[in-house]
Structures are given as structure tokens and as C-alpha cells.
Amino acid sequence: MHREKWGTKLGFMLAAMGSAVGLGNIWRFSFVAGNNGGGAFLLLYLLFVLIIGIPLLLTEVSIGRKAESDVVGSFQKLAKGTPWYLTGFFGIISAFLILSFYAVVAGWAIFYFWNYINGSFFTQPAVGYEGAFGQFIGHTWHPIAWTALFMILTIVIVLSGVKKGIEAANKIFMPLLALILIALAVFSISLDGASEGVKFLFQPNWSALSEPSIYIAALGQAFFSLSLGMGAMLTYGSYLRKENKLPSAALGIGLMDTFFAVISGLVIFPAVFAFGIDPSSGPPLVFITLPSIFEQMPLGGIVGLVFFFALILASLSSSVSILEVPTAYFMRVFGWTRFATSVLMGSIMFVMGIAVSLGFGIWSGITPIGERNILDSMDYIASNILLPLGGLSMALLVGWYFKKSEALESADLSSSSIGGFWYFIVKWMAPILIILIFLNKIGVIF
Ligand code: PHE
């Protein structure tokens with residue numbers, strides 16, 4: 001079957017950055033940092049991005065480009081006759097889990113956008129922003145309708161094909177989102193009482209490091225935010241031409257993504273403290289905080305409108321990369337059309353998303369894992385467990401199954417001075433760290 005290719009390397013870069021930058025940087029980063037005490041979490045997260053995330057991003061894209069296949073097929077091709085490909089299903093499963101809650105949260109963002117269009121969030125509603133948001137997500141079908149809208153948009157982009165559908169829109173909206181976030185951060189830091197928030201984010205509370213769950217949370221956030229371990233970057237890499245060089249691309253994507261997360265933290269936490277919001281509010285955190293910032297800001301209504309529009313586009317460029325993972329796999333295996341496959345996959349995810357949404361309303365008593373509601377449980381399994389396992393499998397493939405020369409060549413590092421360092425990380429450091437973090441979490445060590 002004929003596989004599509006990116007038009008240019010820039011096309012790939014934009015799509016991969018689009019995949020990385022999304023709700024993970026703003027929504028997920030803020031609430032996970034808030035839940036895990038702020039500064040110490042930020043430090044661990046940055047460390048993991050640098051010493052595990054960016055090297056594995058290069059690894060994942062190289063696998064895809066070398067194999068020219070989807071997340072399962074790439075293992076089948078490169079490690080023929082071994083059961084390695086089974087780990088590709090971690091990616092397929094996490095795509096279903098992640099997109100079903102991603103679409104719910106993106107649906108909330110569309111609802112906010114709508115409230116800025118019609119002006120109803122220009123001033124506090126009678127019940128306050130927190131109250132209005134609580135009522136909205138607790139409603140049985142309102143949020144589901146917005147989820148459906150987001151899922152339809154995602155499907156439409158994916159079914160119209162890789163090149164035509166995904167390559168363009170980010171050129172304008174990612175820089176726009178960056179500019180708005182920088183302006184918001186400046187404003188947020190200038191609020192009365194904001195310095196507490198800056199301290200929360202940048203003054204690590206070292207005692208937080210004695211809690212095993214902070215390591216797995218930071219690792220999960222690094223993977224989620226970089227779109228790593230699922231095969232989204234692998235699949236995008238498979239549409240690359242051989243002549244495109246990878247190391248600089250991986251570094252660029254990683255740094256850009258991290259920049260967005262840190263700036264988002266500087267928007268959210270100063271405001272959280274200035275407005276007396278609980279930093280460990282969980283998934284609703286940014287949805288409670290942001291409208292209060294916009295309300296205080298000159299022309300805040302307009303800023304809010306543009307912000308949520310850019311956030312929706314950033315989410316779409318991530319969600320399409322998630323839907324692309326099972327779509328590419330099922331198209332190849334069953335020979336279905338792109339149209340039928342993406343509609344079917346998206347519909348299944350939407351049905352799962354209904355459960356996620358109800359988890360904030362009539363199903364809020366359902367807590368599959370510990371105290372976690374449906375969204376948190378799915379997110380935990382996918383982001384903190386399956387994505388790192390997927391990444392581990394990719395690192396082991398390149399570090400142990402490939403010959404060293406083959407590994408270096410796949411990543412365009414054969415004649416580079418950093419090649420040896422990257423290889424050491426992929427072969428030893430990243431796998432050992434990931435395994436230690438897992439063992440530590442389940443209480444086997446330390
Ligand atoms: N990285 C995306 C974000 O930050 C989410 C994502 C996760 C996309 C996994 C693809 C794969 O929003």
C-alpha cells in the first residue's frame with residue numbers, strides 16, 4: 001500500500017511540535033505540578049525531559065523512519081520473529097485511553113471559547129467561575145456534546161490525510177499561543193500576592209522528594225507532554241523521508257514543548273495564589289484559574305477568546321496525532337480505508353469519553369483506582385504506566401537489539417560527537433531510570 005510522506009522537514013517539525021504542545025503543557029502540567037507540590041516536581045520533570053525525554057524522542061522518531069510502519073508494524077519489521085511487537089499494543093491502548101479523556105477536556109475548552117464569544121464569561125457568573133464550571137461538568141449531556149464536537153473535528157482532520165490535514169494550521173497558531181501565554185504570565189506575576197505562586201513553582205520543597213509518587217508523576221508528565229511512548233512520534237517519523245536529519249528536530253521539539261510548560265506554570269500559579277485557589281484542585285485547576293485572570297485583565301474578554309481559540313487548535317494538533325496511531329495500525333492490518341478507520345476509532349473513543357465525562361457528574365462515585373475518578377484512573381494507567389513502558393521497549397530495541405552502528409545510523413548520529421552519549425542514555429540510563437522509578441513506586445526499593 002502506498003504510504004504518504006510529509007511535504008518538507010518543516011512540515012514534519014510543525015506536526016510533531018503540534019503533537020507535543022497541547023493540553024498537556026497547560027492543563028495537565030498545571031494540575032499535576034499543583035498536586036505534587038510545585039517546585040520539586042518542576043525540577044524532576046525538567047530533569048526527566050532532558051535525560052530521558054529528548055533522547056527517547058529521537059529514538060522513537062528514528063524507529064518510525066527506519067521501519068516506515070505503525071507502532072506495532074515497526075517492531076514486527078525491525079525485530080522480526082520476536083514477540084517485541086506486542087509492546088506496540090501499549091501504544092494502541094494508551095491512544096484509546098488518552099484520547100477519550102483528552103477529547104472531554106478539549107470539549108471543556110470549546111465550551112469556554114463559546115462563553116467568551118457570547119460574552120457570558122466577561123464577568124463572574126452569579127455562582128462564580130468555579131461554581132459555573134462545576135455545574136457545567138456535572139451536567140449529564142452538555143459536556144458530552146462539546147466532546148462530540150471536538151472528536152468530530154479530530155476525525156475530519158485525520159481522515160483528510162496526513163499532509164493536507166495536519167501540516168498547515170500550526171504555523172500561525174502556535175506562535176500566537178506562545179505570545180498570549182507570555183503576556184498572560186507577565187500579567188499574572190504582577191497580581192497582588194503572586195509572589196507566593198512564583199515561589200511555589202521555583203522554590204523546591206525538598207521533602208516532596210521522599211514521596212515515591214512524585215517520580216512517577218514527573219516521568220508520566222514528561223512522556224505525556226512530549227507525546228512519547230505511544231507511537232505518535234513513531235508514526236509521524238514513518239512519514240519522513242530518509243534525507244531529513246533527526247537530532248536537531250528532536251532537540252527543537254523538546255525545548256519548545258518545555259518552554260510552553262514553564263510559561264504555563266508562570267501563568268497559572270501566581271494567579272492561583274493571588275486568587276486563593278487550591279493548587280491541588282486537580283483537573284479543573286486551569287479552568288477555574290484562567291477566567292479569573294481574564295476578568296482582571298484589560299480587554300480580558302478578547303484575550304480569553306483568542307486564548308481559548310489557540311488552545312483548541314493546539315489540542316487538535318495533538319489529538320490528531322493520537323488518533324493517527326490506531327488509524328495507521330488498523331488501516332494496515334485490515335486494509336480498511338482511512339475514512340472508515342478513523343471514523344470507527346474516533347467513535348469508540350467518543351463512547352469511552354462519555355464515561356469520562358459522566359465521571360464528573362452522575363458517575364462521580366466510581367473510582368476505579370484508589371481515590372481516582374474515571375479520568376484520573378485512565379490517565380494514570382496510560383500516562384504513568386503504559387507510555388513509560390512503551391518508551392522502555394523502544395529504548396531496549398534500539399539499545400540492545402540493534403547493533404551500535406545500526407542504532408547510531410538510524411538516529412543520524414554516526415559521525416557526531418554526541419552519538420556515544422545518546423547511545424549510553426538509550427542503552428543504559430533511560431531503561432534503568434524507568435525501571436527504578438517503577439520499582440520505587442511499587443515499594444520494592446528505597
Ligand atoms: N503531548 C500532547 C499534549 O501535551 C498529548 C499527547 C500525548 C499527544 C501522547 C500524543 C501522544 O497535549
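What follows is calculated from the coordinates using simple rules that are stated; it is not laboratory data. Model, not experiment: these values are computed from the prediction. Cβ atoms come from the backbone with ideal geometry, glycine included; neighbour counts cover every protein chain shown.
Observations, loosely collected:
- Eligible lysines near K80 by straight Cα distance, threshold 16 Å, same-chain separation 8 or greater: K66, K403
- Using θ = phi - 60° and Karplus 6.51 cos²θ - 1.76 cosθ + 1.60, couplings along the range 407-422 (whole Hz; Gly, Pro as x): 4, 5, 5, 4, 9, 6, 10, 3, 10, 10, 6, 8, x, x, 5, 4
- According to the Cα-based calculation, Rg over Rh for the range 3-149 is 1.06, with Rh computed by the Kirkwood formula.
- Folded to 0 to 90 degrees: helix 39-48 orientation relative to the chain principal axis, Cα: 20
- Each residue, F424 and L47, gets one label point 7 Å from its Cα in the Cβ direction; the gap between the two is 1.8 nm.
- Degrees separating the helix 338-358 axis from the principal Cα axis of the chain, which is the longest one: 40
- Dividing the mean sequence gap of close Cα pairs (under 8 Å, 6+ apart) by how many residues the range 351-446 holds gives a relative contact order of 19 percent.
- Were the residues from F202 through S190 laid out at 0.36 nm apart, the gain over their Cα-Cα distance would be 2.7 nm.
- Hits among aspartates and glutamates - C-alpha to C-alpha of K242 under 12 Å, sequence gap 8 or more where chains match: E68, E409, D412
- Label-to-label distance, nm, for residues given as A355 and I432 (7 Å Cα→Cβ offset): 4.0
- Taking only the Cα atoms of the range 47-129, the radius of gyration and Dmax are 20.8, 64 Å.
- Candidates S292, S160, S417: whichever shows maximal mean-square fluctuation once the chain is modelled as a Gaussian network with Cα springs under 10 Å: S417
- Rounded to whole Hz, the Karplus (6.51, -1.76, 1.60) HN-Hα couplings of the range 109-121, x for glycine and proline: 5, 5, 4, 5, 3, 4, 5, 7, 5, 8, x, 6, 9
- Listed residues A340, A109, A218, most fluctuating in the chain (Gaussian network, C-alpha, under 10 Å): A340
- Considering only G18, P247, F307, the residue lying farthest towards the positive end of the dipole of the chain is P247, judged by Cα position with unit charges set on Cβ.
- Hits among aspartates and glutamates - C-alpha to C-alpha of K199 under 18 Å, sequence gap 8 or more where chains match: D278
- Comparing mean-square fluctuations of S347, S94, S383 from a GNM of the chain with C-alpha springs under 10 Å, the top value falls on S347.
- If the segment from L209 to T337 were pulled out straight at 0.36 nm per residue, it would be longer than the present Cα-Cα gap by 41.2 nm.
- Kirkwood Rh, Cα atoms: Rg over Rh of the chain: 0.95
- Counting beta carbons within 10 Å around each of R372, R65 and listing the fewest first gives the order R372, R65.
- The angle between the Cα long axis of helix 9-20 and the main principal axis of the chain comes to about 50°, on a 0 to 90 degree scale.
- Using a Förster distance of 25 Å, the FRET efficiency for Q124-L299 (Cβ separation, nearest 0.05): 0.90
- Mean shadow area of the range 109-200, taken as a quarter of the surface of its Cα convex hull (nm²): 8.8
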